[in-house]
Amino acid sequence: FDSNTLGGSIGGPIVKNKLFYYGLYQYNPFGASPTPLSSVLAPTAARYATLGTLPCISATNLGVLKQYLPEAPAATSSTVVAGVSIPIGILPLLQPTYSNGHTYLLSMDYDISDRDRLRGRFQEQRTSGQDSTALGQLPAFFLGRPHVSKFLSFSWFRTISPSLLNELRLGYNRFNDTIPAGNFQYPGLDAFPNITIRQDLNVQLGPAQNSPQATILNTYQITDNLSWNKG
């Protein structure tokens, strides 16, 4: 387990007693021990050779299977293909566990007068890590899944009297979540299919079933607060 927080900030006046700036950056890398993927099975090297001799087997499909599904080191069980017993074994696979987070903040404060003040804020958060949501998905198809959140706001504070204050705020928030499908090639097809061999090998070839997709959420806000202090 390894988690770190690194960052820095800078700020100060642009115009003395009038205009001020502040900026901050923070980086948070996180990593943990890889998680073993259990119950994924594969033919042994000898049985891959046997599959290649069967007339009913597609050479293209078998080639793709061998490319992404490594040979099992030893047989623990068997399955039957075209009447031929094919020994299969557990494939030792590890699922990486990590994420990287970036946070940016920029603010500007402008004191127009003793009665009027403007405030501007911008914040962005970017997080990326491995997307391995599919059961039995092979590490070759693990892809990054970025999350991006942005927030922008402007506020105008006006002191109407010592007991009466008005705040007008304009805000915008954008959230983006992307699940990519990758750039995998399958001979003879324009896209890599999602292939599930659940009963025999408990494995999935290809990107996640719910990819590609993206979620974009935009939120707009206009708020006016009038505060009156009495007594």
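The values are calculated or read from the model by the stated rules, or taken from the named source; none is laboratory data. Everything numeric in this text was worked out from a predicted model, so none of it was measured. Counting neighbours? That spans all protein chains shown, and the Cβs are built from the backbone with ideal geometry, glycine included. Accessible surface areas use protein heavy atoms only, side chains included; no ligands, DNA or RNA. Shrake-Rupley method; radii C 1.70, N 1.55, O 1.52, S 1.80 Å.
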For Val15, are the conditions met, namely being loosely packed, with under 11 Cβ neighbours inside 10 Å, aliphatic (A, V, I, L, M) and either modelled with pLDDT under 95 or out of contact with any strand residue (DSSP E or B) (no Cβ under 8 Å at 6 or more places or on another chain) (or both)? yes
Mind checking whether some residue in the range 116-124 is open to solvent by 40 Å² or more (accessible area, probe 1.4 Å), in contact with a Phe, Trp or Tyr (Cβ under 7 Å, 6 or more places away or on another chain), under 23 Å from Arg198 (Cβ atoms) and among the charged types (D, E, K, R)? no
Give me the residue from the range 148-160 that is buried (at least 16 other Cβ atoms within 10 Å of the Cβ) and in contact with a Gly (Cβ under 9 Å, 6 or more places away or on another chain) and, out of that set, nearest to Ile179 (Cα to Cα). Phe151
For residues in the range 74-105 being closer than 30 Å to Phe154 by Cα and in contact with an Asp or Glu (Cβ under 9 Å, 6 or more places away or on another chain), which is least open to solvent (accessible area, probe 1.4 Å)? Thr103
So, in the range 183-231, exactly how many residues are open to solvent by less than 70 Å² (accessible area, probe 1.4 Å), in contact with a helix residue (DSSP H, G or I) (Cβ under 7 Å, 6 or more places away or on another chain) and among the small types (Gly, Ala, Ser)? 1
